[in-house]
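Computed from the coordinates by the stated procedures, all read-outs in this text should not be read as laboratory data. Here the structure is a predicted model, which is why all the values come from computation and not from measurement. Glycine also receives a Cβ, built like all others from the backbone with ideal geometry; neighbour counts cover every protein chain displayed.
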Ligand code: IYR
């Protein structure tokens, strides 16, 4: 009988044969160019329409995010989706309260000056207008059935990667978002009644841009500034 190489055992664990895409160099060049062109069109949007869309799309976006690599494959994240107008209102009120303090007392002069060209302020109407808010929580540790804590690894890196996958998937689906970081953001853990092993990491309103949305006229750095070949 023919010997199968579908899998091998490493430390007694099954490893499956990886079948890669096998593209030609021309196809790789074309695909990488197309993706670059597409991702360069992504913009952070602060002015949302209240138009909604099916939650199945959100589910696919979050499954995409959760496909990201993570330390020891622990997947140390929870994505909370808020569609309730009541909860959105609570989040907006708490976020604006923190942001008002940040803009008026906590942020340095240099920081405020660096933000001037983006036109941000403490008012966050998108927290109520966007059809969905995704609040990403990191899980620095897990608690097992016996109440014993188990640390996760590279938690910030892992959750950051998952957020990158999420933002890219949102753009690919024809939707827009904003990486909002109200600070401090412990109020999100309270409002959403999250367990003690979760810390709010990032808040992303997801939806469509308003018809009258404008974006700052910013540019990305030139490749010589951020890529060095050795
Ligand atoms: N978190 C605040 C302030 C803010 C900070 C940075 I750095 C930005 O790039 C944008 C905003 C806010 O959300 O308004």
Worksheet item: For the pair residue 111 and residue 83, what calculated FRET efficiency results from E = 1/(1 + (r/R0)^6), where r is the Cβ-Cβ distance and R0 = 41 Å, to the nearest 0.05?
Response: 0.80
Worksheet, complete the sentence: Exposure proxy check on 77, 111: fewest-to-most Cβ neighbours within 10 Å is 111, 77
Worksheet, complete the sentence: Measuring from the longest principal axis of the C-alpha atoms of the chain, the long axis of helix 85-101 (C-alpha) lies at a number of degrees, nearest 10, equal to 70
Worksheet, complete the sentence: Under the 7 Å Cα-to-Cβ spin-label approximation, residue 18 and residue 39 lie apart by a distance in nanometres of 1.9
Practice prompt. Give me 115, 178 ranked fewest to most by other Cβ atoms within 10 Å of their Cβ, as a rough exposure proxy.
Written response: 115, 178
Worksheet entry | Label-point gap, in nm, between residue 143 and residue 186 - each point 7 angstrom along Cα→Cβ | 1.7
Worksheet, complete the sentence: For 88-98, 201-211, ranked highest to lowest by mean beta-carbon neighbours within 10 Å, the order is 201-211, 88-98
Worksheet item: With axes computed from alpha carbons, what is the tilt in degrees of helix 55-65 against the longest principal axis of the chain, rounded to the nearest 10 within 0 to 90?
Response: 60
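Would segment 1-124 count as rounded, prolate or oblate if I go by the C-alpha gyration tensor, calling it rounded below 1.5 in a/c and otherwise prolate when a/b exceeds b/c, oblate otherwise? Don't jump to the answer; show the numbers that get you there.
Details: a/c = 2.39, a/b = 1.95, b/c = 1.23.
Note, shape of segment 1-124 comes out prolate.
How large is the helix-only mean residue ellipticity at 222 nm for the chain, computed as the sum of -39500 (n - 2.57) over DSSP H runs with n ≥ 4, divided by its residue count, in deg cm²/dmol to the nearest 500?
Using -39500 (n - 2.57) per qualifying helix, the result is -10500 deg cm²/dmol.
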Item to complete: Can you put 185, 227, 28, 107 in order of Cβ neighbours within 10 angstrom, beginning with the fewest?
Response: 227, 28, 107, 185
Discussion item. Compute the helix-to-body angle for 25-39: its Cα long axis versus the longest principal axis of the chain, expressed 0 to 90° and rounded to tens.
Written reply: 20
Worksheet, complete the sentence: Long-range share for the chain, i.e. C-alpha pairs more than 34 Å apart as a percent of all pairs, stands at 27
Fill in: Per-pair calculated FRET efficiency, R0 = 45 Å: residue 212 and residue 30 via Cβ, rounded to 0.05
0.80
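Pop the C-beta distance of residue 219 and residue 57 into the FRET formula with R0 = 22 Å and round what comes out to the nearest 0.05. Write out the running numbers ahead of the final one.
On the way: r = 31 Å, r/R0 = 1.40.
With R0 = 22 Å, the Cβ-Cβ based efficiency is 0.10.
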